[in-house]
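A short write-up of the structure that comes next.
Quick note: the coordinates plus some simple rules give every number you see, no bench work behind them. Everything numeric here is computed off the predicted structure, so don't read it as measured data. As a convention, Cβ positions derive from the backbone with ideal geometry for all residues, glycine included, and neighbour counts pool all protein chains shown.
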Amino acid sequence: MYTITRIESNPKLSRAVVHNGVAWFSGIVATDWSEDIAGQTRQVLARLDELLEGIGSNRSRILSAQIWMKDMVADFDRMNEVWSQWFTPGETPARATSQVTFDEADIRLELIVVAAVKA
């Protein structure tokens, strides 16, 4: 028998789903959309820290990340500065970054990650 744990579920989604030592997270966006890309990136990473801690994991256990950005030309370098400072060298995950259109014009970034959960 196996266990699937759903975190912060509502009728549309679960914030994360944990199974067999792996957590899949739904997209995380900033709560204050008036911030620039650096501010929104910091907000998203702070929220991810909270979510990881809540399941007994941490940023060093992130396996992969998808970063969706509103404007890669304008924001890619600044987002990467914040991203790189957040990680300990040598602990960065596999990653893909894409430019997308968001329904809300002021959202600049959405982050989706998969992380290992401590046994």
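When Lys and Arg each count +1 and Asp and Glu each count -1, what net charge do the other residues less than 12 Å away from Arg78, Cβ to Cβ, add up to?
On the way: positive: Arg42, Arg108; negative: Glu35, Asp36, Asp71, Asp75, Asp77, Glu81.
Here the count lands on -4.
If you wrap the chain's Cα atoms in a convex hull and average its projection over all directions, what's the area in nm²? Kindly include the intermediate steps, with their values, before the conclusion.
Values: hull surface 31.8 nm².
One quarter of the hull surface, i.e. the mean projection, equals 8.0 nm².
The ranking of Phe25, Phe76 by Cβ neighbour count inside 10 Å, starting from the fewest, reads Phe76, Phe25. Taking other residues whose beta carbon is less than 14 angstrom from the beta carbon of Leu111, and scoring Lys, Arg as +1 and Asp, Glu as -1, yields +3.
The string of couplings for segment 43-51 from the Karplus curve (6.51, -1.76, 1.60, θ = phi - 60°) is 4, 4, 5, 5, 5, 4, 3, 4, 5 Hz, one whole number per residue in order, with x for Gly and Pro.
Take every DSSP beta bridge with both residues inside segment 4-116 and express the antiparallel ones as a percent of the total, to the nearest 5. Please report the intermediate quantities before stating the final value.
Values: 20 of 26 bridges.
Within segment 4-116, antiparallel bridges account for around 75 percent of the total.
Computed over the chain, the per-residue total of -39500 (n - 2.57) for DSSP H runs of n ≥ 4 gives a 222 nm mean residue ellipticity of -9000 deg cm²/dmol, rounded to 500.
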